[in-house]
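Nothing in this text is a laboratory measurement; each read-out follows from the coordinates by a stated rule. Not measured: the values here are computed from a predicted model. Positions of Cβ are generated from backbone atoms using ideal geometry, with glycine treated the same way; all protein chains shown enter the neighbour counts.
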Amino acid sequence: MAQTTSASVKTIDVVPEYLVYEMIEHKPFFYNGYKTLSQGGKTLEAIMGCSGLQAMIISAILRFLYQNLSEEDYEIVTNEAGLHLDKGNNLATDIGIYDVNVLTSEQITDNYLAVAPKIVIEVDTKADTSNFGEAMDYYHLKTQKLLDFGVEKVIWITSKSQKVMVATADTDWRIFGWHKEIEVVSGMLFSMTRLLKQRGVVIN
């Protein structure tokens, strides 16, 4: 198997396993930009990392969650935590909010988590969707998979369009601007514009 290094990969005849970001319905989704590795255009770290804005968005949301969610009731997992839904479906999540009664010590192993978060928050995606049709189709497919798995609410935050999509199993999915206050759990709301402004980041 090819080794993971900081050097650019010169050729990719068969895409190595470490470049698979997610697996949905047995279909591998590779890291966005993996094709440029064969041309020496990017390093492995560059395609697996996120932008400064994406990092700040996740950081601001995590700070808000830690300040407002009771640790007696909720556990927050991050860092592209893996979810094993079933055979052929392994997803990555930016932020997962778990009921502490669901994410028990028995669930914590060196494998992907196999229980559903209560809420998933995603910021853009690192997946290459170029062979999937419209990128939004990927967002919708992943969202539906999460809801079918038992996630109660999926919140997508897109940095380029500055939109937030909120999806639940029993209501119509809705899209809002960053200025809109979004409910995470009952009575706890945030707007992306406000969270970033509190950190001194103003997006035009």
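Converting phi to 3J(HN,Hα) with the Karplus coefficients 6.51, -1.76 and 1.60 and the offset θ = phi - 60°, segment 181-196 yields 6, 10, 7, 8, 10, 3, x, 10, 10, 9, 10, 5, 4, 5, 4, 5 Hz in sequence order, with x at every glycine or proline. Projecting label points 7 angstrom from Cα along Cα→Cβ for S161 and Y66 puts them 3.1 nm apart. Annotation note: GluC sites (Glu not before Pro) in segment 99-159 located in DSSP loop regions with a Cβ neighbour count of at most 16 within 10 Å are E134. Once you've got the Cα coordinates, tell me which of K145/K197; K87/K163; K126/K163 are over 24 Å apart. Pairs exceeding 24 Å: K145/K197; K87/K163. With 0.36 nm allotted per residue and the present C-alpha distance subtracted, the Q198-N131 stretch has 20.3 nm of extension available. Take every pair of alpha-carbon atoms less than 8 Å apart whose residues are at least six positions apart; their mean separation over the length of segment 52-198 yields a relative contact order of 18 percent. Amide H contacts of A81: T93, each under 5 Å away and 5 or more positions distant or on a separate chain (H built 1.01 Å from N in the peptide plane; Pro and chain starts excluded). Under the convention that each Lys and Arg Cβ holds +1 and each Asp and Glu Cβ holds -1, the size of the dipole of segment 52-198 around its Cα centre is about 640 debye. Could you tally the net charge around S191, taking each other residue with its Cβ under 10 Å from the Cβ of S191, Lys/Arg +1 and Asp/Glu -1? Counting the neighbours of S191, the net charge comes to +2. Taking the Cα centre of segment 146-204 as reference, the dipole from Cβ charges on Lys and Arg (+1) and Asp and Glu (-1) amounts to some 480 debye.
May I ask you to list the chymotrypsin sites (Phe, Trp or Tyr not before Pro) in segment 91-155 that are in a DSSP loop and have at most 13 other Cβ atoms within 10 Å of their Cβ? Loop-located and lightly packed - Y112.
Neighbour counts of C-beta atoms inside 10 Å place V123, V185, V166 in the sequence V185, V166, V123, starting with the fewest. Which entries of K142/K180; K160/K180; K118/K160 show an alpha-carbon separation above 20 angstrom in the structure shown? Going by Cα-Cα distance, K142/K180; K118/K160 fall outside the 20 Å limit. For D124, the amide hydrogen comes within under 5 Å of the amide hydrogens of I157, T158, S159, counting only partners 5 or more places away or on other chains and with H modelled in the peptide plane.
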